[in-house]
């Protein structure tokens, strides 16, 4: 695990707090919003004098170096009855502009760019970002939906000493409070690609991230009609045709492919019934596009986490799990893990918030199962206390399962300290003793821009395993502790980070079920070279028969010593290499293909594993190229050795701002217990039209281990407001 991943996981606790002040401007006040008598002229030069009447933001801080930004930025903010207007004037002398992204709605974090960040709840419940690069290519995000695609506009153009941008955001794309006068939290951010630095207007040294709305200033007295910030209802109706000898092969929840009849029509819709609450439904949802390349040959100690991006689950799913999460050495335990839900035929959901309260309810039905969930949360990022409760009910042909969760948080914004408590209880057909089906965590946390530290106590019962949930490891109890420090250096070294983590989790017999310790160091130089690494020592105890028998206990080690080097990360031309080695138990039982030295009965066998991972990407005008080369080599303590090689290459070609073609090729060869060998070629064309309709033309799928002879043509008719709003 890299230091960056470790620190990001710790920072994702959503409990990010205070540190000693540094000599820099702090933005913690409020600014009265300015209403424009008429919209500013559509001109990236920002020559219209009306801009000078708006809220004016200057004196940006370089969050990377914690000093005043070396390139000046001035931003202007105005609004009227229907839109928010934001203009940026970016000085950039002596540093070339970088703008390689050519298709809207793509992540532009590697380009020069400016972003406006909004929290329309004012208390951290709903956040949005709208950004643009120097060529006027747009991107946007929402905390409520991974499919956020509103209709909005932006223009940008180079100037003699840098570049300017103008963003025009419809209020109806935002969920605002119903009051006639609103207060939003706002931040204005700029990314400089050549130095991989971020400039932020809202800077507070007590914040560990400039993306945390807790520390943004208020934009007050926004006087608009309540209906102005209520998204319009919208629906997507699709028609689909397929052909080829593999036209019935589709991915299941397990990641395998099986024969399923292709669906030809279906519906996704969202109907807001207040400014901040909406009904979301799907009927006969399309499962042909649940196919992202998640193949890997990286050794896994625990079950691997998968990404979810299906529209129904993407929108408002956080309201079903209204709790902060602690996850360092893998994904957090959750009772409803939607990537495990396979093909389903209908779903309904209510999601959103009312003031400081969040509300979520869900029902999803498919072959052999019917799952329901209901959740309530109280609290915001700026309140000292938060509370949440949820209930997940899973009804499957093989039995029923219910999990109730209760969580509590306490946070002190001034001292940098917080407390987190979460308790889950499982009952149902698979639980014979409810006292053994509990998942409890209590944690004490401190975090700021420099330091993240926590200590917690976990207790997961041996029978805790929600049927639709993700549980990293059951039958464990004990402490975990983490400390990380992010520093800014001088001279050739730009920044550095150190991190240490340790845990000892015992089973009910008192033996260590899992023990782990790691130390990581990372150095980033001013020429954008980064080096890092460190040791990870881990031990996992297994049994032929677990609790309460614990027969034939065996302890296996999963130790990996790693070294990583990266160059120009955060730019359009990164290259990264990682090498890891050490004793690592190899999976045997159920692994396809098996390692050459596996026995017929052992679930794990002690071995020694070496891995490499190399990635890079480049942009060439409308073309973009990404390449990856990974290797594993494993051997038993004595005997045979084998290994695998993964090669991945993808090429994309843009045709204007809203159409792109992608071709991906992946091959895996060799033996080992990590991935099934095969070669896979897949291609896709996606076009979004000005009316919101979309066209997909796909051959194969990047998710399969081999090339599928399957061609899909899909057309989506979009009706109403923006998707994901």
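The values are calculated or read from the model by the stated rules, or taken from the named source; none is laboratory data. If you're wondering where the values come from, they're calculated on a predicted model, not measured in any experiment. Cβ coordinates were reconstructed from backbone atoms using ideal geometry, including for glycine residues, and neighbour counts include every protein chain displayed.
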Notebook entry, point to check: Can you tell me which of 121, 145 is at pLDDT below 95 and farther than 18 Å from residue 210 by Cα?
Noted result: 145
Checklist line | Residues satisfying the stated conditions in the stretch 235-248, i.e. assigned to a strand (DSSP E or B) and surrounded by 18 or more Cβ atoms within 10 Å (Cβ to Cβ) | finding: 236, 238, 240, 242
Notebook entry, point to check: Residues of the stretch 556-581 being within 21 Å of residue 606 (Cβ to Cβ) and free of Cβ contacts under 8 Å to residues at least 40 places away in the same chain, which ones?
Noted result: 559, 561, 580, 581
Check: Only one residue in 262, 299, 213, 205 is more than 28 Å from the chain's Cα centre (by Cα), at negative phi and at pLDDT below 90. Which one?
Finding: 262
Next item on the list: Six or more apart or on different chains, Cβ under 9 Å: which pairs go from a residue in the stretch 100-127 that's more than 22 Å from residue 318 (Cβ to Cβ) to one that's at pLDDT below 85 and outside any strand (DSSP E or B)? Could you list them?
Entry: 100/108; 101/107; 101/108
Checklist line | Exclusive hit being on the phi < 0 side of the Ramachandran plot and not in a strand (DSSP E or B), set 490, 510 | finding: 490
Item checked: Meets criteria (touching a strand residue (DSSP E or B) at 6+ places or on another chain (Cβ under 7 Å), surrounded by fewer than 16 Cβ atoms within 10 Å (Cβ to Cβ) and at pLDDT below 95) for residue 495 -> no
Check: Do we find that residue 232 is under 20 Å from the mean Cα position of the chain (by Cα), in contact (Cβ under 8 Å) with a residue 24 or more places away in the chain and either assigned to a loop (DSSP other than H, G, I, E, B) or surrounded by fewer than 24 Cβ atoms within 10 Å (Cβ to Cβ) (or both) in this structure?
Finding: no
Check: Within the stretch 306-335, how many residues are under 30 Å from residue 446 (Cβ atoms) and touching a helix residue (DSSP H, G or I) at 6+ places or on another chain (Cβ under 8 Å)?
Finding: 3
Next item on the list: Select from the stretch 657-672 the residues that are part of a loop (DSSP other than H, G, I, E, B) and either more than 21 Å from residue 610 (Cα to Cα) or within 25 Å of the chain's Cα centre (by Cα) (or both) and list them in ascending order.
Entry: 657, 658
Next item on the list: May I ask you to list the residues in the stretch 467-478 that are over 22 Å from the mean Cα position of the chain (by Cα), surrounded by fewer than 21 Cβ atoms within 10 Å (Cβ to Cβ) and more than 14 Å from residue 546 (Cβ to Cβ)?
Entry: 477, 478
Item checked: Residues within the stretch 165-207 that are over 30 Å from residue 230 (Cα atoms) and in a strand (DSSP E or B), tallied -> 5
Checklist line | Options 409, 419: the member that is touching a strand residue (DSSP E or B) at 6+ places or on another chain (Cβ under 9 Å), more than 22 Å from residue 302 (Cβ to Cβ) and buried (at least 19 other Cβ atoms within 10 Å of the Cβ) | finding: 409
Checklist line | Where residue 464 falls short, out of the listed (1) at pLDDT below 95; (2) surrounded by 20 or more Cβ atoms within 10 Å (Cβ to Cβ); (3) not in a strand (DSSP E or B) | finding: (1)
Next item on the list: Determine whether the stretch 710-724 contains at least one residue that is within 24 Å of the chain's Cα centre (by Cα), at pLDDT below 95 and assigned to a strand (DSSP E or B).
Entry: yes
Check: Out of the residues in the stretch 148-162 that are buried (at least 20 other Cβ atoms within 10 Å of the Cβ) and not in a strand (DSSP E or B), which is modelled with the highest pLDDT?
Finding: 150
Check: In the stretch 90-121, which residues are farther than 30 Å from residue 653 by Cβ and surrounded by fewer than 21 Cβ atoms within 10 Å (Cβ to Cβ)?
Finding: 91, 93, 94
Note to self: If I filter the stretch 513-552 down to residues being in a strand (DSSP E or B), in contact (Cβ under 8 Å) with a residue 60 or more places away in the chain and touching a helix residue (DSSP H, G or I) at 6+ places or on another chain (Cβ under 9 Å), which single residue comes out as nearest to residue 576 (Cα to Cα)?
What the structure shows: 532
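So that you can scan it fast, the table gives a plain yes or no per residue for (1) over 16 Å from residue 292 (Cβ atoms); (2) buried (at least 16 other Cβ atoms within 10 Å of the Cβ); (3) free of Cβ contacts under 8 Å to residues at least 24 places away in the same chain:
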position	(1), (2), (3)
651	yes, yes, no
664	no, yes, no
672	yes, yes, no
689	yes, no, no
Next item on the list: Taking the residues in the stretch 54-89 that are touching a helix residue (DSSP H, G or I) at 6+ places or on another chain (Cβ under 7 Å) and part of a loop (DSSP other than H, G, I, E, B) as candidates, determine which candidate is surrounded by the fewest Cβ atoms within 10 Å (Cβ to Cβ).
Entry: 81
Item checked: strands (runs of 3 or more DSSP E) wholly inside the stretch 553-656 containing at least 2 residues that are modelled with pLDDT of 90 or more, more than 21 Å from residue 518 (Cα to Cα) and touching a strand residue (DSSP E or B) at 6+ places or on another chain (Cβ under 9 Å) -> 575-583, 607-620, 623-636, 641-654
Checklist line | Pair list, Cβ < 7 Å and 6+ apart or interchain, from the stretch 338-360 residues that are farther than 23 Å from residue 233 by Cβ to residues that are in a helix (DSSP H, G or I) | finding: 338/313; 338/317
Next item on the list: Name the one entry in 122, 162 that is at positive phi and over 26 Å from the mean Cα position of the chain (by Cα).
Entry: 162
Item checked: Enumeration of residues in the stretch 686-711 that are within 24 Å of residue 145 (Cβ to Cβ) and in contact with a strand residue (DSSP E or B) (Cβ under 6 Å, 6 or more places away or on another chain) -> 686, 687, 688, 692, 693, 694, 695, 696, 698, 701, 702, 703
Margin query: So if I check each of 454, 440, which one is closer than 30 Å to residue 545 by Cα and in a strand (DSSP E or B)?
Written below: 440
